[in-house]
Amino acid sequence: SRAAQDYFTTTKASLEWDSPAQAVPKHVARLMLNLVLLSLDTIPRGGEVRVMHDIKEDGHGSIRIEASGKGARVTEEAWAAVQGKTSTEDLDARLVQPFFTGYLARHIGAILDQQADGHTSLLSARI
């Protein structure tokens, strides 16, 4: 969480880490941090990102990243990249991070989902 908190000092958003302070497996931590970055992109005008997880010692559990701010949403292009539906030839600077997040999720067998209502976006992972 320290790396994420340091990164947020350069953004218009605040970060709330609403999860137990416990070590999680490295592959889960990578996915969690990438979901945090992806959620930050859902609130370009700023807002708040809240991280929640219940990851067990064996690396299984769930991650929920909630971003609240005006116009919160995951773009269709970003979600297509997360799902691996974007070819590497079509990746641009905005889509590399979502593509990589989806790659990490698939690599560890996580199932990702997203919801948004214009004020809050929710990214979740089941591992």
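The values are calculated or read from the model by the stated rules, or taken from the named source; none is laboratory data. On a predicted model such as this, the values are computed, not experimentally measured, just so you know. Here Cβ is always computed from backbone atoms with ideal geometry, including for glycine, and neighbour counts include all displayed protein chains. SASA here: full protein model, heavy atoms, side chains in, ligands and nucleic acids out. Shrake-Rupley method; radii C 1.70, N 1.55, O 1.52, S 1.80 Å.
For region 9-14, putting each phi into the Karplus relation 6.51 cos²θ - 1.76 cosθ + 1.60 with θ = phi - 60° gives couplings of 5, 9, 10, 8, 10, 10 Hz, in residue order, rounded to whole numbers and with x for Gly and Pro.
Computed from backbone phi, the HN-Hα couplings of region 64-79 come to 10, 10, 10, 10, 10, x, 4, x, 4, 6, 9, 5, 4, 5, 5, 5 Hz, rounded to whole numbers (Karplus: 6.51 cos²θ - 1.76 cosθ + 1.60, θ = phi - 60°; Gly and Pro given as x).
Using the heavy atoms of the protein chains alone and a 1.4 angstrom probe, what is the accessible area of the chain per residue in square angstrom?
Normalised by residue count, the accessible surface of the chain is 57 Å².
Here the accessible area of region 23-127 is 51 percent carbon and sulfur, with a 1.4 angstrom probe and all protein chains present.
The charge dipole of the chain, taken about its Cα centre with unit charges on the Cβ atoms of Lys, Arg (+1), Asp and Glu (-1) only, comes to about 120 debye. Evaluating 6.51 cos²θ - 1.76 cosθ + 1.60 at θ = phi - 60° for every residue in region 112-119, the Karplus couplings come out as 9, 8, 8, 9, 8, 10, x, 10 Hz, glycine and proline recorded as x. For the pair region 25-81 / region 110-127, the C-alpha centres are spaced 7 Å from each other.
Each of Ile43, Ala67, Thr10 was placed along the dipole of the chain (beta-carbon charges, centred on the mean Cα), and the one lying farthest toward the positive end is Thr10. For the chain, the alpha-carbon radius of gyration amounts to 0.99 times the rule-of-thumb value 2.2 N^0.38 Å expected for a compact globular protein.
Note on the chain: antiparallel DSSP beta bridges, both residues inside, total approximately 80 percent of the bridges counted.
Pairs of alpha-carbon atoms within less than 8 angstrom and 6+ residues apart define the contacts here; what relative contact order does the chain have, in percent?
For the chain, the relative contact order is 26 percent.
Loop-resident trypsin sites (Lys or Arg not before Pro) (DSSP state other than H, G, I, E or B) in region 4-75 with no more than 10 further Cβ atoms inside 10 Å of their Cβ: Arg45.
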